[in-house]
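Only one structure is covered here, and it is reproduced in the block below.
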Amino acid sequence: MKILCVLYDDPKTGMPKSYALDKLPKIDKYPDGMTLPSPKGRDFNEGELLGCVSGELGLRKFLESNGHQLVVTSDKDGDGCRADKELVDSDIVISQPFFPYYLTREKMETAPNLKMAITAGIGSDHVDLQAAMDRKVDVVEVTYCNSRSVAEHIVMMIVSMVRDYHTQYAIVNNGGWDIADAVQRSYDVEGMHIGTVAAGRIGLDALRKMKPFDVHLHYFDRHRLPDTVEKELNLTFHESVESMVEVCDVVTINCPLHPETEHLFDEKMINKMKKGAYIVNTARGKICDKDAIAAALKSGQLSGYAGDVWFPQPAPNDHPWRTMPHHGMTPHTSGTSLSAQTRYADGVREILECFFDKKEIRNQYLIVQNGELAGMGAHSYSKGTATDGSEEAAKYKKK
Ligand code: NAD
């Protein structure tokens, strides 16, 4: 079989010769008892850079020794890109949300052999899920592999944004000691009302991680959490996003992108928020209207916006979030720490082993199977597509 793997570029200075840490901490299980990915073999050292082209997700030896062909490229956008050329006779496509290969209906139609799209990570909105259902292409992801990595990033972003860390860090780098300048937008998180849109693996972990800051916790989700969890964390459940955002100082967005959530945070929703609130969005850029966010930061309706997700990706050089005031944006990195890469590379291998051995892929990994939303897909997504406009990613020019 032919496997096409679309990965981000290697570091500008080449692959690392050594790493900051020799070993990763050992994690046996995820909090709900789910086991970590468990492939039969592994051809890389844990903690290595695997998500870039030379890292190959550690798959080449395994695939080639089993008679398969592996093509790895970062050339994924614009007419005539290598990924599109290789797609036409590929059986399986692997891509990471950090640098997504937008598998639109048009592209799928060029690939009659395509059987499966694997997301090396979590969040399969870069695949036209409706087209995958219509064409019986299965879609799978490595559920839980980086959910807790993202929750750590959320905590980092809430605290750094409310305390205005970025301004203070810049002052030091510029040789200054301008304390009044440094603190004029700096507050404590303690006592604030913090709410999450969705309390799945990431949202719930973010709530748990924020609890020790002595804040008031709120959530909205289409699935209500068990009573015991609500009591343990003293959570306020809201029947709608609107009811939650009216009372929160910080809103963190943790639902998948699908037709129900696309542009959920538009001008109307932002205007329902408490004046001066903050948003942390590490879910997907397109859940927010990019121009409405930039305008709200300028007007003061929002005090800050941070996250690592954009639309499309890479974000065009003139994307307003690169230059809007009071932002704490990073590139899409929260789920691709070296710790997370080991887990999702293992997960991709586990999925491939099951597929080649005709064994069932874990139900938790399924998004689309046999033409229907399945597993996590049925729990967390709705039918349709959210890939419209993804061709804009070709506008990005490397610096
Ligand atoms: P999950 O499936 O455990 O949780 C998703 C939750 O969203 C579920 O509880 C579901 O009920 C809820 N939900 C779905 N649609 C909703 C709606 N319309 N309104 C309210 N709630 C809704 O997944 P997770 O591991 O928590 O990941 C969530 C999302 O975060 C992913 O789909 C992905 O888009 C994003 N993510 C980002 C990164 C990153 O690197 N930034 C990494 C992993 C995941």
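The values are calculated or read from the model by the stated rules, or taken from the named source; none is laboratory data. Only a predicted model underlies this, so the values are computations on that prediction, with no experimental measurement involved. Using ideal geometry, Cβ is built from the backbone for each residue, glycine included, and neighbour counts are taken over all protein chains shown.
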Could we say that Lys231 is closer than 23 Å to Lys209 by Cβ, among the charged types (D, E, K, R), touching a residue at least 12 places away in the same chain (Cβ under 8 Å) and more than 10 Å from the ligand (Cβ to nearest atom) here?
no
In this structure, does Asp43 turn out to be touching a residue at least 40 places away in the same chain (Cβ under 8 Å) and in a loop (DSSP other than H, G, I, E, B)?
no
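Yes/no per residue for (1) of a type in the set (Phe, Trp, Tyr); (2) more than 13 Å from the ligand (Cβ to nearest atom); (3) part of a loop (DSSP other than H, G, I, E, B):
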{"residue": "Asn317", "(1), (2), (3)": "no, yes, yes"}
{"residue": "Arg349", "(1), (2), (3)": "no, yes, no"}
{"residue": "Met376", "(1), (2), (3)": "no, no, no"}
{"residue": "Glu392", "(1), (2), (3)": "no, yes, no"}
Would you mind stating whether Arg148 is farther than 22 Å from Glu391 by Cα and either at pLDDT 95 or above or more than 22 Å from the chain's Cα centre (by Cα) (or both)?
yes
Neighbours by Cβ (under 7 Å, 6+ apart or cross-chain): first from region 1-27, more than 16 Å from Lys398 (Cα to Cα) and aromatic (Phe, Trp, Tyr); second assigned to a loop (DSSP other than H, G, I, E, B) and at pLDDT 95 or above
Tyr19/Gly47
Touching a residue at least 60 places away in the same chain (Cβ under 8 Å), of a type in the set (A, V, I, L, M) and surrounded by 22 or more Cβ atoms within 10 Å (Cβ to Cβ) - does that describe any residue in region 64-82?
no
Val139 vs. criteria assigned to a helix (DSSP H, G or I), within 16 Å of the ligand (Cβ to nearest atom) and among the β-branched types (Val, Ile, Thr):
no
What are the residues in region 215-273 that are of a type in the set (A, V, I, L, M, F, W, C) and closer than 11 Å to His193 by Cβ, if any?
Val215, Leu217, Met244, Val245, Val247, Cys248, Val250, Val251
Pairs with Cβ under 7 Å, 6+ apart, first in region 307-327 and in contact (Cβ under 8 Å) with a residue 60 or more places away in the chain, second away from the ligand (no atom under 16 Å from the Cβ) and of a type in the set (D, E, K, R)
Pro312/Glu392; Ala315/Arg322; Pro316/Glu392; Pro316/Lys395; Asn317/Lys397
Quick check on my filter: what residues within region 192-230 are surrounded by fewer than 23 Cβ atoms within 10 Å (Cβ to Cβ), in a helix (DSSP H, G or I) and touching a Phe, Trp or Tyr at 6+ places or on another chain (Cβ under 8 Å)?
Glu230
Residue selected from region 319-347 under the condition of a type outside the set (A, V, I, L, M, F, W, C) and part of a strand (DSSP E or B), by the criterion nearest to Glu56 (Cα to Cα):
Gly328
Scanning region 284-311 for residues that are within 14 Å of the ligand (Cβ to nearest atom) and not charged (D, E, K, R), which turns out nearest to Asp266 (Cα to Cα)?
Cys288
Selection from region 93-114 of residues surrounded by 22 or more Cβ atoms within 10 Å (Cβ to Cβ) and not in a loop (DSSP other than H, G, I, E, B) yields Val93, Ile94, Ser95, Gln96, Phe99, Leu103
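Which one of Val155, Val127 is of a type in the set (A, V, I, L, M) and surrounded by fewer than 23 Cβ atoms within 10 Å (Cβ to Cβ)?
Val155
Please find, among Lys23, Lys17, Lys12, Lys40, the residue that is out of contact with any strand residue (DSSP E or B) (no Cβ under 9 Å at 6 or more places or on another chain) and at pLDDT below 95.
Lys23
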Identify the single condition in (1) more than 21 Å from Thr387 (Cβ to Cβ); (2) over 17 Å from the mean Cα position of the chain (by Cα); (3) not polar (S, T, N, Q) that Val280 does not satisfy, given that it satisfies every other one.
(2)
Within region 103-140, track down each residue that is under 18 Å from Gly375 (Cα atoms), among the acidic types (Asp, Glu) and out of contact with any strand residue (DSSP E or B) (no Cβ under 7 Å at 6 or more places or on another chain).
Asp125, Asp134
List pairs: first residue in region 387-399 and crowded, with 17+ Cβ neighbours inside 10 Å, second residue of a type in the set (Ser, Thr, Tyr) anywhere in the structure, Cβ distance under 6 angstrom, at least six positions apart or on different chains.
Thr387/Tyr102; Thr387/Thr104; Ser390/Tyr102
Residue under question is Thr236, and the condition is that it be farther than 17 Å from Val162 by Cα, out of contact with any His (no Cβ under 9 Å at 6 or more places or on another chain) and more than 13 Å from the ligand (Cβ to nearest atom); does it hold?
no
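Yes or no, residue by residue, for (1) in a loop (DSSP other than H, G, I, E, B); (2) of a type outside the set (Phe, Trp, Tyr):
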site: Glu239; (1), (2): yes, yes
site: Leu257; (1), (2): yes, yes
site: Ile270; (1), (2): no, yes
site: Tyr278; (1), (2): no, no
site: Ala292; (1), (2): no, yes
site: Lys298; (1), (2): no, yes
Right, Ala117: crowded, with 24+ Cβ neighbours inside 10 Å, touching a Lys or Arg at 6+ places or on another chain (Cβ under 8 Å) and under 25 Å from His258 (Cα atoms) or not?
no
